Amino acid sequence: MKAILPHLLKPWAFLVRDFKIAASYRLQFFMQGFGILLTTFTLSLVSKMFDTQSLPALAPYNGDFFAFILIGIALTDYLTISTETFANEIRMAQMVGTLEALLVTPTATATILLSSYAYNLFTATLRIAFYLLFGILIFGAKLHINGIGTVLVSFLLALFPFFGLGFLSAAFIIAFKRGSPISSFMAMGSGLLGGMLYPVSLLPGWLQPFSTIFPMTHGLEALRQVLLNGASLADIRRQIIILALFSIALMTTGIYSLWMSLKIARKEGSLLHY
């Protein structure tokens, strides 16, 4: 326990630091809450256009467009913060001149980056919780959950590939001192082909195969089957296997790329350059 405690204290210190910074802008908390309520209300109004229609594309998702799009927004939020937070933390440290000081401490680079992600992960989870709560309690979204364990496994496997992409973005910043195109490509590709706002089945036939290269596609499919149809892990085993492979491949590539970029930057003495 004593060996684990220091590793837990570091993310907590980052979480407290970022919370204090955010708390100094109190209006921001109110505006975020109001924005979530307004967005949920808008989506509920849009979904009413489909209430009296039978839409074949939504049949695999219990025909509930409102819940369908809420889940899409939730995972997209996690995609955005996961691919941008690590790169933003590195870029900020470069610009204020604290990057080298952070990296020469005994703390592992991965621990620093994951700790910097703690607050964003917490706030994103809180935002999604409010989206779902407002959607269910106020606007009547219907979710069918057979087990919390199934939700947790599918959610974590949907999230891990984004961690790997975040590490790749951070490595790009260290190596090239410029904004990473990885997060922009993933955001645009996932938004168009990942099924955030509409089922992938509505894409033109020649585009549908390209949607399979994005983890977002499989993550959303798994979560929607679990939350909208009450699917078990056995029912979504195909998506689970694909997400596990994405997680291993992208996490391995991301960590290795980050390690290599730091090694080269230290050798060239370019950690302080930006």
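Since every read-out is calculated from the coordinates, none of them should be taken as a lab result. Bear in mind the structure is a predicted one, so any value in this text is a computation, not a measurement. Ideal geometry is used to build each Cβ from the backbone, glycine not excepted, and the neighbour counts take in all protein chains shown.
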Could you bin all the Cα-Cα distances of the stretch 147-274 into 10 Å bins starting at 0 and give me the percent of pairs in each, rounded to whole numbers?
-> 13, 35, 29, 15, 6, 0
Among VAL226, VAL151, which comes first, second and so on when ranked by fewest other beta-carbon atoms within 10 Å?
-> VAL151, VAL226
Loop sites in the stretch 160-246: chymotrypsin sites (Phe, Trp or Tyr not before Pro), DSSP, at most 13 other Cβ within 10 Å | TRP206
